[in-house]
1. What are the residues in region 604-616 that are over 10 Å from residue 634 (Cβ atoms) and either touching a strand residue (DSSP E or B) at 6+ places or on another chain (Cβ under 7 Å) or not charged (D, E, K, R) (or both), if any?
2. Criterion first (open to solvent by 30 Å² or more (accessible area, probe 1.4 Å), under 24 Å from residue 207 (Cα atoms) and within 30 Å of the chain's Cα centre (by Cα)) does residue 289 satisfy it?
3. Residue 472: part of a loop (DSSP other than H, G, I, E, B), out of contact with any Asp or Glu (no Cβ under 8 Å at 6 or more places or on another chain), modelled with pLDDT of 90 or more and open to solvent by 50 Å² or more (accessible area, probe 1.4 Å), yes or no?
4. Which one of these does residue 81 not meet: (1) farther than 30 Å from residue 280 by Cα; (2) basic (Lys, Arg); (3) at pLDDT 75 or above?
5. Sort out which residues of region 299-332 are closer than 30 Å to residue 781 by Cα, among the hydrophobic types (A, V, I, L, M, F, W, C) and not in a loop (DSSP other than H, G, I, E, B), and write them in order of number.
6. Considering only region 566-591, how many residues are modelled with pLDDT of 80 or more and β-branched (Val, Ile, Thr)?
7. Kindly establish whether residue 494 is assigned to a helix (DSSP H, G or I) and free of Cβ contacts under 8 Å to residues at least 12 places away in the same chain.
8. What pairs come out if I take residues in region 589-617 that are more than 23 Å from residue 504 (Cα to Cα) and pair them with residues that are assigned to a loop (DSSP other than H, G, I, E, B) and aromatic (Phe, Trp, Tyr) whose C-beta lies under 6 Å away, six or more apart or interchain?
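The values are calculated or read from the model by the stated rules, or taken from the named source; none is laboratory data. Small disclaimer: the values here were computed from a predicted structure and weren't measured. Heads up, the Cβs are rebuilt from the backbone with ideal geometry, glycines too, and the neighbour counts pull from every protein chain shown. When the accessible area is computed, the model is the full protein with side chains, heavy atoms only, and any ligands, DNA or RNA have been set aside. Shrake-Rupley method; radii C 1.70, N 1.55, O 1.52, S 1.80 Å.
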Amino acid sequence: MMVPVLPMASIVRFDHPWWLVSIAAAGLPTVLAVLANKRGRNVSVAAIVLQTCAILAIVAAMARPSTPLDGREPKPWLLLRDVSGSVRWQVSANPQNPLRELSLPEGMPVDTQNFAASLLATGRPASDEAAGTLIAPALRLARAREKAGNISGAILLTDGQFHDESWRGSAAALGASGVDFYIVPLDSPPTDARIADFHATRSPDGRCELSVTVAANAPQRRTVRIVRLRPAKKTVLERTLNLIAGDTATLRHEDKHMSAMADVSASYEARIDPADAFPENDSAATLLLPARRKLCVVAGADSGLAARLAELLKAPVAFVKAEDAPRRADGWADYSAVLLLDGEGDLLDAPRRASLAEYVRDGGGLVHVGAGPRGSPEDRDDPLNRVAALIANPAQRRSVSLIVVLDASGSMSQPGYAGKGQVKFDVASQALLSLRRHLSPGDALTVIAFSDKPVRLYAAGAGAIDFAAVRDALAKIRPSGSTRVIPAIKLAADAPPAAGSYGLILLLSDLRTERADANNVLPLATLLENRGYSLAVVAVGSGENAGNAAPLLIALHERLDKVGKVSSSLIRRDRIAGVAKVFANMLRKARGDAIRRGTFTPTVQTTLFGLRNLSPPKLDAYILCASREGAEVLGSIGADPIIARRTAGLGRSVTLAVPLGPPENNALRAWEKTTPLLAAAVQWAMKPAGDPRFTGKIVRSGRKARLRIVARDAAGPMNSLELLARIRPSRQEAAVIEIALSHVGPGRYVAELPDAQGPAGIIVSDVGAGGPVRWRGVLGRSTKLEYARIGADWENLRRLETLTGGRIVSANRLASLAGRLDARRYKPLWMHLVILAAVLMLTEWATLRQWRKNA
């Protein structure tokens, strides 16, 4: 039987181990006994042993030994280490020795858990994890460990820059558990200067006023620059400052160039040079909105619509070609609304669509004549479609019963040219799995692999398509055997497609199949025609060799194409690489055009954007669409909506799902009410101008920002107003936040903003639905909250101390305190050793000496 042996350090520990050097004194009784024997005095061995043991007991007692109370390994302390970005110069994400980092006693059992924006499995956080400090998960972990009874206590190493709102509840719960909790502040950051606030405003008289505030945590000399990024990039201010620790310096400047351009927006960036230990807070950006409204028309060519709209709206209208459209959201800020003429959904490229969508969410207006991208179901998530009122619905056009037939013969085991270690069948399988983005819930999928015999690997039926099951089934296939495609086609067409759906057999093969003759081509073609399946063939391999060696599929395609009862297509490729795009294009073609053509009578509301009793002409084409959630449908053809409006973020969006480009809908283009209708839609969507009686300013202070509104007319301050601020935070799909402003003085109103990081659009209006807009502005981009203030947040730390019942201690204080805390789990033995030594000496005196005396 094996007996486990504990290390000595876990059985006995010594508080004063240096006294153990006195163990040499244990040899003194032996030396004295030898000397006594030389002088004729006989000292017994028993006396020497008793005296030596007594000395050893005294020496051991002076070293202050102790042992665990229960005789088992002591419970560890939980060390919670903040490794977020704001403390990266004060702690190491991967310390070689956490005990030495905090000067804790060697041998003290410690479990270390790093955290930043979450609890970290590894030491160093990713960049997005480092840009935040969420303390609540760490506190919940400490409470769970205490509840399980497997820790002695917890030590928190942090600067207190907490970003989560729920940490106070977690701290109170930890305090209720009664755990020993010690907080070590990280209060020695490197020298840092930061931009605390940067904003640009237009005064009531049109002047462009810039203001930048710089703060520092130590005396330093830094240079502040403000650069106008557009229009006409230029450094408008450069100033060197002598900064004082804990104080702020504010610079104000008028950009006279922009003061003279009231109808143009401007982008600015403020920067501190040279960069310091935290470059993340050395820059900020802001946007200056134009004072006058202007409309933008984006189209492939100028048809004169811009001039007609300018005449109706009595406002400037700019025509912008698609290739000249802004690629950033702030580039659209010159315009109060955008009229986009794009029937196909591909006039703007992806970056321009994303920037236009961001502009709408920030309070801009969009009237889209046409519809957004619609090549596949995944285009529903295109940025432009996410702000549209109507979205072209590919599944609504035609659902598809798709049967994919893959060649799994021996030739498909050859290298696939698409990646190391892949064969052709692997590439074909990946192409099939990539169709997941192009299939909708109304579609059906069947997968067949064939070589000598066909095998149905998967059939979705009426249920949802399980691509995980498809992937697993494909992974079991090992290409081998000959290429017999006729049984595979018969298996694919053994049943007609689902009612109302389009049947498509998508077949990939290297064409080395059975040869064509009258006995196989005609029966196969008749079967596909009777079942109602179209055929799409991807022929992989050399065209010449494929055509000579395997004409069956070529002959079948030519027969189907000639008769025309069902469609057939054949694409030849020398290599299998890139076949995923071929599959997607074939499926897209199968769905058909999103534009429905014929003769249609539209119906619209009696009052449409303020225009009454409109009678639109008959249409010969419209785009099949579905309405977005929250959209109000204003006109339709049967059950199909063709015009709708909605709000998106702070902005408004109108969609007219009708192509206006020739040769379609000539009657609508010639209708005298078309331009007034577009003008009225633009006026509804148009970004409302602010009230000149209201001026606003946004001022940052650390992690917070305050909105200040001053309302004053000719009679003086405007009091007792009920104002509401609507804020669209920087997160792309974040919901609009509404905050009531407080009346704090004559004509003065304030509100605390929840998202001080920016960028964020802000609109101030009267309370109530449809209340007039009083002021609009932009909270510019600032530093992330993690770097908004470098150093210990003593307010948070003291609040944490109160809630947890813990103690704030310095690292040096913790070192001495930890020794005593660690000692509490041990029972001192020195008193027992002193008693033992006394017993030994008394025994030696009372027995041996008395025995010698009696002898």
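1. Step one: list which residues in region 604-616 are over 10 Å from residue 634 (Cβ atoms), which gives 606, 610-616.
Within region 604-616, 606, 610, 611, 613, 614, 615, 616 meet the criteria.
2. On the way: open to solvent by 30 Å² or more (accessible area, probe 1.4 Å): yes; under 24 Å from residue 207 (Cα atoms): yes; within 30 Å of the chain's Cα centre (by Cα): yes.
Considered against the rule, which asks whether it is open to solvent by 30 Å² or more (accessible area, probe 1.4 Å), under 24 Å from residue 207 (Cα atoms) and within 30 Å of the chain's Cα centre (by Cα), residue 289 comes out as yes.
3. Values: part of a loop (DSSP other than H, G, I, E, B): no; out of contact with any Asp or Glu (no Cβ under 8 Å at 6 or more places or on another chain): yes; modelled with pLDDT of 90 or more: yes; open to solvent by 50 Å² or more (accessible area, probe 1.4 Å): yes.
Considered against the rule, which asks whether it is part of a loop (DSSP other than H, G, I, E, B), out of contact with any Asp or Glu (no Cβ under 8 Å at 6 or more places or on another chain), modelled with pLDDT of 90 or more and open to solvent by 50 Å² or more (accessible area, probe 1.4 Å), residue 472 comes out as no.
4. It fails just one condition, (1).
5. First, the residues of region 299-332 that are closer than 30 Å to residue 781 by Cα: 316-332.
Pick out the ones that are also among the hydrophobic types (A, V, I, L, M, F, W, C) and you get 317-320, 322, 325, 329, 332.
Within region 299-332, 317, 318, 319, 320, 322, 329, 332 qualify.
6. The number of residues fulfilling the criteria is 3.
7. On the way: assigned to a helix (DSSP H, G or I): no; free of Cβ contacts under 8 Å to residues at least 12 places away in the same chain: yes.
Spelling it out, it is not the case that residue 494 is assigned to a helix (DSSP H, G or I) and free of Cβ contacts under 8 Å to residues at least 12 places away in the same chain.
8. Final answer for the pair search is 617/671.
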